[in-house]
1. Tell me the Rg and the Dmax, in Å, that the Cα atoms of the chain produce.
2. Round to the nearest 10 and give me the degree value, 0 to 90, for the angle of helix 3-30's Cα axis relative to the longest principal axis of the chain.
3. Tell me the Kirkwood hydrodynamic radius of region 60-151 in angstroms, computed as one over the mean inverse distance between distinct C-alpha pairs.
4. So what's the back-of-envelope 222 nm ellipticity for the chain, counting only DSSP H runs of four-plus at -39500 (n - 2.57) apiece and dividing by all residues, rounded to 500?
5. Considering all alpha-carbon pairs of region 109-172, what whole percent are spaced by more than 18 angstrom?
6. Regarding region 8-93, what whole-number volume in Å³ per residue does the convex hull of its Cα atoms give?
7. Report, in listed order, any pair from Lys79/Lys124; Lys43/Lys115; Lys79/Lys115 with a Cα-Cα distance greater than 30 Å.
8. Loop only by DSSP, 11 or fewer other Cβ within 10 Å of the Cβ. Give me the chymotrypsin sites (Phe, Trp or Tyr not before Pro) in region 53-119 that pass, ordered by residue number.
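The values are calculated or read from the model by the stated rules, or taken from the named source; none is laboratory data. If you're wondering where the values come from, they're calculated on a predicted model, not measured in any experiment. Ideal geometry is used to build each Cβ from the backbone, glycine not excepted, and the neighbour counts take in all protein chains shown. To get the accessible areas, we keep the full protein, side chains included, count just its heavy atoms, and leave off ligands, DNA and RNA. Shrake-Rupley method; radii C 1.70, N 1.55, O 1.52, S 1.80 Å.
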Amino acid sequence: MTADHARAIADYFADMFDLEGANTLKVLRAVPNDRRDYKPDEKSRTAWELATHIAGSDLWFLDSVCDAVFVYDPEVENKRTAGLNTIDDVVEFYKREYPKRIQRLRSTPGEQLAKEVDFFGMTKEPSIWFLGLANNHGVHHRGQLMTYLRAMGSKVPSIYGGSADEPMQAAG
């Protein structure tokens, strides 16, 4: 992978992540704070756990790609989200921090993004390769959280098209 290839991929994903971040905010905003402890099964995470995981891990993935190193420390993750007490806090945190990570991705040199990195002993790929995994991870957990919304008494927002609660609007 060349630095120019890595830079082009980063620009593509940065544009996509701008849209994905907006979709994530729609889902986070739909979580009713008074029902945040809801989980559909004993094995499931609560809505709160999913919301804070999404907010924290989206940042962690982008930082890891830009740093060209993947290290997960649960204590660091807990500190990152420690000041979040309500869903509104999570939304404001994400609105503030996620765009900073997208900007960081846009400004990270291609040489850095093209570096081969080890992903927890599972695979070694150019750092930029992990943006696809970052996207899939975020979409996966956002989808989990969306399945909780109606059961929590909320509405499912339109993200890739209309939902039963929020029909798609024609462009005008």
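1. Gyration radius and largest Cα-Cα distance of the chain: 16.9, 50 Å.
2. For helix 3-30, the angle is close to 10 degrees.
3. Details: mean 1/r = 0.0677 Å⁻¹.
When all Cα pairs of region 60-151 are included, the Kirkwood radius is 14.8 Å.
4. Details: 6 runs with 101 residues, N = 172.
Result for the chain: -19500 deg cm²/dmol, rounded to the nearest 500.
5. Details: 1164 of 2016 pairs.
Roughly 58 percent, rounded to a whole number.
6. Working: hull volume 9.9 nm³, N = 86.
About 115 Å³ per residue, rounded to a whole number.
7. Numbers: Lys79/Lys124 28 Å; Lys43/Lys115 37 Å; Lys79/Lys115 28 Å.
Correct reply: Lys43/Lys115.
8. Numbers: sites: Trp60, Phe61, Phe70, Tyr72, Phe93, Tyr94, Phe119; in loops: Phe70, Tyr72.
Of the chymotrypsin sites (Phe, Trp or Tyr not before Pro), the ones in loops of region 53-119 whose Cβ has at most 11 other Cβ atoms within 10 Å are Tyr72.
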